[in-house]
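Data first, discussion second: the structure below is written as structure tokens.
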């Protein structure tokens, strides 16, 4: 994978330590070459360690992170200011929700019906300068003052610290296709954790590694027989203890190439028509230089965490409405409303709501004052987020802004606090767990932030 040589043109070498023999008579002291399937020099006796590591925690503990590309207008979603002047409040109206006292945009009626399962945050802050970048949404940290290699995203951290629930499914999957503005297409970077813990991107070249290119049906049949032999060989290795270390990238390569579970998880057409209709289609094309408004990605995200992924990121739309803010929302909001509400309901119906946390947000907020082009400009002082699942206390709003929606009036929430909460719910204590950078210096998962008491 990524070596420039097609994987199926190589041979698999099986090495061993002991002088004993396997059930097929092959000496463990010798090596055996198996033709027909190759994994870039993968030594097979090391595979069991990957499986053993993957079996440490067989649970659905996971997070789905939705980046609302370009920063959505909080005043038109979760923090409508109907008492403010028209040039502040705009034309959109609020609607009641299933939780008394909580109102949100009239263009989010599906979310309004399930507000008991949601937590809007009206006072997000932490973006240092109002520049467009998905970095803070995926790391909880501002871009400046990074250690060597850069801060890793949550997906990469979970790939490092949390074993895969299913070894055939990558721990970290990014559903963002490349975008005209590169940060809009980022799934989150691995930073100093390195490429082993980068996102698997089924929208990009990674899908080519899942195809049996140049393999005939006869060879495919042989491959199945070979895999049956692998299963037997794994069992023998488990009993013998003749297992060597293997880097996690090669572990993932083998597990993906020898299983259909990842492809099955990505194939949302296996879902009943009623489920697919609930999520909706949206638009698979990138919106300008942003991301697609692809509602089906929300369904794929649910299938991936159910299959064993620890973190799935997806990028949605392009909310940088410097002009025509109100008309743009008439298309963006209904699609987002349908997809996010379907995801949350689906997680509850499938018994995943205690394990799988969902967060949706942009990098900052928008100006209270509507500009001359009927748009809202960048406003890093305050923005919004939407949380669900993960065993968190839902059915509440956190934070309040002033009467114009421009400044925090009560309970500001930093991105780092949300990250601390998510890590806590995933079983990682943000005040204790550290990860080393390229120099070996340990870093806490977040800088001094604790899980939000309102949620845990």
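Couple of notes before you dig in:
- Entry for region 91-165 at q = 0.11 Å⁻¹: log10 I(q)/I(0) = -0.52, Debye formula applied to identical alpha-carbon scatterers, no solvent contribution.
- Ranked 79, 116, criterion: other C-beta atoms within 10 Å, fewest first: 116, 79
- Once both labels are positioned 7 Å from their Cα atoms along Cα-to-Cβ, the gap between residue 95 and residue 450 label points is 3.9 nm.
- Put the Cα centre of region 259-304 next to the Cα centre of region 401-433 and the gap is 29 Å.
- Cα shape, region 388-437, gyration tensor, a/c 1.5 rule: oblate
- Hydrodynamic analysis of region 130-185 uses the Kirkwood radius over alpha carbon pairs. Inserted into Stokes-Einstein at 20 °C and 1.002 mPa s, it gives a translational diffusion coefficient of 165 µm²/s.
- Relative to the current alpha-carbon distance between residue 354 and residue 261, full extension at 0.36 nm per residue lengthens the span by 31.1 nm.
- Likely footprinting exposure, 344, 358, 119, fewest C-beta neighbours within 10 Å first: 119, 344, 358
- Pairwise centroid distance, computed over Cα atoms, of region 360-400 with region 123-161, Å: 18 Å
- Relative to its residue count, region 273-315 spans a Cα convex hull of 60 Å³ per residue.
- Cα-based equivalent ellipsoid, region 340-418: semi-axes from gyration tensor eigenvalues, Å: 29, 15, 10
- Paramagnetic label zone (point 7 Å from Cα along Cα-to-C-beta, residue 404; backbone N under 17 Å) in region 65-85: 74-76, 80-85
- FRET efficiency, 1/(1 + (r/R0)^6) with R0 35 Å, evaluated for residue 116 and residue 269 via beta carbons: 0.65
- Of the residues 269, 401, the one with the fewest other Cβ atoms within 10 Å heads the list, and the complete ranking is 269, 401.
- With a Förster radius of 51 Å applied to the beta-carbon distance between residue 327 and residue 196, the computed FRET efficiency rounds to 0.70.
- A full extension of the chain between residue 82 and residue 431 corresponds to an added length of 121.6 nm, given 0.36 nm per residue minus the alpha carbon distance.
- Each peptide in 387-393, 303-309 receives the mean, over its residues, of other Cβ atoms within 10 Å, and ordering these scores from highest gives 303-309, 387-393.
Values in this text are rule-based calculations from the coordinates and carry no lab data. Predicted model, so just to flag it, every value in this text is computed and none were measured. With ideal geometry, Cβ positions are generated from the backbone for all residues, glycine too; neighbour counts draw on all protein chains shown.
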